[in-house]
Amino acid sequence: FFFLMIRRPPRSTQSRSSAASDVYKRQVMASLIKISNKDIITKLIPNLFDLLDDEEPNVKVSALKAASKFAQVASPDFVNNLLPHLRSAFQSNKWRVRLSAIEALVDIACAYGDINLFEKTLEPLYFSYLSDKASAVRELGVDNIPKLIKVFNKAWLNSNLLPRLNEVLVKDFTYILKITAVHSLKVAAQQLKGDEINEKIIPMLIRSGRDPVPNVRFTVVKTLKELTIKLDDSALGPIKSLFNELSNDPDKDVSYFAQEGLEALQGKK
């Protein structure tokens, strides 16, 4: 009975009321698939995949939440089989589905803790947060950076995350991507020591502080101002030079916050 309930009957056989009822049933079933017994999990995987392919967004969201629970007891092969369904969720035109997809992806990555598996299957999908049209999805991608660093350590930050962010800042022409990359650098910096921030993060931000788009320069100035708290005075020279330069910026917001940044540096002495 359980398996029959989560199979979707042909739409041609449904009335409007029964169709609504069926959507509700599938959503409930997707929410209930959070069983820890490995044998039962194995039997339910095909049903989970059916729910992930459901055309109703609420059903997809519930199924994505269940998928992260499956990963806690299923074998690593589960990720390879899940990947096409997860990729479809990331391509959904519903931002709540994409939001749940990011959340599920990170939970699955943390459940396995396998850097090779993550790099080969999940990481390309994860980095799509940088260009997502919905600010909530971009913010969730940024917010999950510490979680991934905790699982995969600074090796992933140095070898994968920072090069990807640098690529966006250097090569991409879309200002939203660049701003999201700057926010990502700020969050990543919180996981580093002062000398590491100065060596790995500050040069990227200084270069981006001269970006032709005012919103990017503005975001960089605010980020640098926050990061100066973690830096030694000896590392503040390039930041001060940039703030001096941007204090005369034609954009009023950029120049205002650059002047504030200079005042904050004076207060550190």
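The values are calculated or read from the model by the stated rules, or taken from the named source; none is laboratory data. Keep in mind it's a predicted model, so treat the numbers as computed, not measured. Every residue, glycine as well, gets a Cβ built from its backbone with ideal geometry; the counts of neighbours run over all protein chains shown. Ligands, DNA and RNA are stripped out before the accessible areas are found, and what is left, the full protein with its side chains, is counted by its heavy atoms. Shrake-Rupley method; radii C 1.70, N 1.55, O 1.52, S 1.80 Å.
Would it be correct to say that VAL182 is within 25 Å of ASN248 (Cβ to Cβ) and either crowded, with 19+ Cβ neighbours inside 10 Å or of a type in the set (Asp, Glu) (or both)?
yes
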**Request:** Could you tell me which of the residues ILE201, ILE229 is in contact (Cβ under 8 Å) with a residue 24 or more places away in the chain, assigned to a helix (DSSP H, G or I) and either β-branched (Val, Ile, Thr) or more than 23 Å from PHE127 (Cα to Cα) (or both)?
**Result:** ILE201
**Asked** Right, LEU161: at negative phi and in a loop (DSSP other than H, G, I, E, B) or not?
**Response** no
**Request:** Select from segment 70-87 the residues that are out of contact with any Ser or Thr (no Cβ under 6 Å at 6 or more places or on another chain) and either modelled with pLDDT of 90 or more or open to solvent by 60 Å² or more (accessible area, probe 1.4 Å) (or both) and list them in ascending order.
**Result:** GLN72, PRO76, ASP77, PHE78, ASN80, ASN81, LEU82, PRO84, HIS85, LEU86, ARG87
**Prompt:** Does any residue of segment 246-255 turn out to be open to solvent by 70 Å² or more (accessible area, probe 1.4 Å), assigned to a helix (DSSP H, G or I) and modelled with pLDDT of 95 or more?
**Reply:** yes
**Item:** segment 49-69, subset out of contact with any helix residue (DSSP H, G or I) (no Cβ under 6 Å at 6 or more places or on another chain) and under 21 Å from PHE118 (Cβ atoms), residue surrounded by the fewest Cβ atoms within 10 Å (Cβ to Cβ)
**Value:** LYS65
**Item:** Pairs with Cβ under 8 Å, 6+ apart, first in segment 167-178 and of a type in the set (Phe, Trp, Tyr), second in a helix (DSSP H, G or I)
**Value:** TYR175/ASN215; TYR175/VAL216
**Prompt:** Residues of segment 146-163 being within 14 Å of the chain's Cα centre (by Cα) and open to solvent by 50 Å² or more (accessible area, probe 1.4 Å), which ones?
**Reply:** LYS147
**Request:** Note down all Cβ pairs under 8 Å where the first residue falls in segment 43-56 and is acidic (Asp, Glu), the second is modelled with pLDDT of 90 or more, and they're at least six residues apart or on different chains.
**Result:** ASP53/HIS85; ASP53/SER88; ASP54/LYS60; ASP54/ALA63
**Message:** The conditions are (1) under 10 Å from the mean Cα position of the chain (by Cα); (2) buried (at least 20 other Cβ atoms within 10 Å of the Cβ), and LEU140 fails exactly one of them. Which is it?
**Reply:** (2)
**Fill in**
Of (1) more than 23 Å from the chain's Cα centre (by Cα); (2) more than 20 Å from ARG138 (Cα to Cα), VAL213 fails just (2)
